[in-house]
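**Q** Have a look at the structure that comes next, please.
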Amino acid sequence: MLTNKEKELISEIRSGNTMAFSDFVDRYKDLVFTLSIRMLGSREEAEEVSQDIFIKIYKSLPKFKGDSKISTWIYRIAYNSCLDRIKKMKKTRIQTDLGHLEQIAYAEMDTALDRMVREERQELISRCLAMLSAEDAGILTLFYFEEKNLQELEESTNLSVNTLKVRLFRARKKLANIMEKHLTKEILLNHE
Amino acid sequence: MNRREDKKLENFVDSMMAEAPLDSPSFDFTENVLKKIEAETRKEVFQYKPILSKTAMFTVFTSFVALLVFVWLKFGLDSGQGWFKNFQIQEWFQNSWGWKENYTSAKTMMYAFLFFGLMFFVQVPWLKKQLNRTVF
């Protein structure tokens, strides 16, 4: 499961080489931070939680047996830490209803997105992702981080493949719905 | 929603997520993580750990009290009886300060003691400073 480079890096960290851990943090910090910010919705919270996640990883690394991909193991710690933080915060984001999704026009949305400048499009996608619930944003993000591998996503989230399929479908629908609303608003603003 | 619609949705979200940018934490993120780890490791190194556990201390204390109670019940508190009847404690202190009457000290000896005392008090803060620098 682990590459030789990863094995070497882990054994260096286990022997107390802090420079090796610094390399490890640099390699995974963007992925962990992106997951945290999408689930928690706040940069400050995400920064704090991401730091705690890496401290947990450092402490748990001696117990890591290498029976899964190191990234999957990291995502599991990150996902659970974010869920724990959400429980502590006792704050839930506004839920999007799945009402009128039958009429979504994907072709029109694609065209509208294509017309945008890349930076504008990325900003809009980030805004839409921020409007999903923590669980939906987390699962959707991890699904793409894990390169759409449901077995690895199962290991990261501790949810069965069937549950994941249902949740992924709902998350996709919600995201498309949010995007449609945003695009309509943008188009209306541009026509004014 | 039929299968074709599901596929459209999947493709649409795939293309969206492929463009979703990764966020980066603050520039000193790695440094802060390492600082926190270092602080936690130091805390663990200097954490007070008693040589004897609470259970061991309690057992030793209970055994000692039990022994005292046993001695008291067996031999009583009267010093004329039991284990302590042959002790003549007063004899230990007789003439113990007798040597003082004939003692005279040389001036050199007195200066040596004063100098030793002075050196001792100079060394205490100096050593403390040195140790603080090397340990921390």
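**Q** Per residue and in Å³, how big is the convex hull formed by the alpha-carbon atoms of chain A? Don't skip to the answer; put the middle values down first.
**A** Values: hull volume 28.5 nm³, N = 192.
Per-residue hull volume (Cα only) is 148 Å³.
**Q** To the nearest hundred square angstrom, how large is the accessible surface buried between B and A, total for both chains, probe 1.4 angstrom? Before the final figure, lay out the partial values.
**A** Numbers: alone 14410 and 11860 Å², together 22770 Å².
Counting protein atoms only, the buried area is about 3500 Å².
**Q** To the nearest 10 Å², what's A:Val25's accessible area with a 1.4 Å probe?
**A** Approximately 0 Å² for this residue.
**Q** Next question, about the same structure. Residue by residue through B:27-38, how many Cβ atoms from other chains fall within 10 Å of the Cβ on average?
**A** On the way: counts 0, 0, 10, 9, 2, 6, 13, 8, 1, 5, 8, 1.
Per residue, the average neighbour count from other chains is 5.
**Q** Which one of A:Ala176, A:Ala78, A:Ala134 has the biggest mean-square fluctuation once chain A is modelled by GNM with Cα springs under 10 Å?
**A** A:Ala176
**Q** Moving on. Would you rank A:Thr111, A:Thr34 by solvent-accessible area, highest first, keeping every protein chain in place and using a 1.4 Å probe?
**A** Values: A:Thr111 65, A:Thr34 0 Å².
Listed by decreasing accessible area, they come as A:Thr111, A:Thr34.
**Q** Ratio of alpha-carbon Rg to the 2.2 N^0.38 Å globular estimate for region A:1-62, to two decimals, please. The partial results should precede the final answer.
**A** Working: Rg = 12.7 Å, N = 62, 2.2 N^0.38 = 10.6 Å.
After normalising by residue count via 2.2 N^0.38 Å, the value is 1.20.
**Q** Separate question: Please compute the alpha carbon radius of gyration of region A:118-190, then divide it by the globular-protein estimate 2.2 N^0.38 Å. Two decimals is fine. Show your work: numbers first, answer last.
**A** Working: Rg = 13.9 Å, N = 73, 2.2 N^0.38 = 11.2 Å.
Output field value: 1.24.
**Q** Roughly how much of B:Lys8 is accessible, in Å² to the nearest 10, using a 1.4 Å probe?
**A** Approximately 90 Å² for this residue.
**Q** Can you work out the FRET efficiency for the pair B:Ile51 and B:Ser26, with r the C-beta to C-beta distance and R0 = 56 Å, to the nearest 0.05? Before the final figure, lay out each step's value.
**A** Working: r = 44 Å, r/R0 = 0.78.
In this case the efficiency is close to 0.80.
**Q** Another question, then. Put B:Val122, A:Val49, B:Val71 in order of accessible area, largest first, 1.4 Å probe: what do you get?
**A** Working: B:Val122 85, A:Val49 5, B:Val71 30 Å².
If we order B:Val122, A:Val49, B:Val71 from most to least accessible, we get B:Val122, B:Val71, A:Val49.
**Q** OK, next. Which value, in Å² and to the nearest 10, is the accessible area of B:Thr108 when all protein chains are kept and the probe is 1.4 Å?
**A** Surface open to solvent at B:Thr108 totals about 110 Å².
**Q** Over every pair of different alpha-carbon atoms in region A:36-84, take the mean of 1/r and invert it; report that Kirkwood radius in Å. Provide the component values of the computation, followed by the final result.
**A** Numbers: mean 1/r = 0.0895 Å⁻¹.
This gives a value of 11.2 Å.
**Q** Let me ask another. Which value in deg cm²/dmol, rounded to the nearest 500, describes the helix-derived mean residue ellipticity at 222 nm for chain A, given -39,500 (n - 2.57) per DSSP H run of n ≥ 4 and division by the residue count? Mind showing how you got there, number by number?
**A** Details: 9 runs with 146 residues, N = 192.
For chain A, the value works out to -25500 deg cm²/dmol.
**Q** What average count of beta carbons from other chains do you get within 10 Å of the Cβ of residues in A:50-56?
**A** Working: counts 5, 9, 2, 1, 7, 6, 0.
The per-residue average across the peptide is 4.
**Q** Still on this structure, I have one more. Given region B:15-73 reduced to its alpha-carbon atoms as identical point scatterers, what log10 I(q)/I(0) does the Debye formula return at q = 0.19, 0.21 Å⁻¹?
**A** Summing over Cα pairs of region B:15-73 leads to -0.85, -0.90.
The values are calculated or read from the model by the stated rules, or taken from the named source; none is laboratory data. No experiment lies behind these values; they were computed from the predicted model shown. So basically every Cβ, Gly included, is an ideal-geometry build from the backbone, and we count neighbours across all protein chains shown. What goes into the accessible areas is simple: the full protein's heavy atoms, side chains included, and nothing from ligands, DNA or RNA. Shrake-Rupley method; radii C 1.70, N 1.55, O 1.52, S 1.80 Å.
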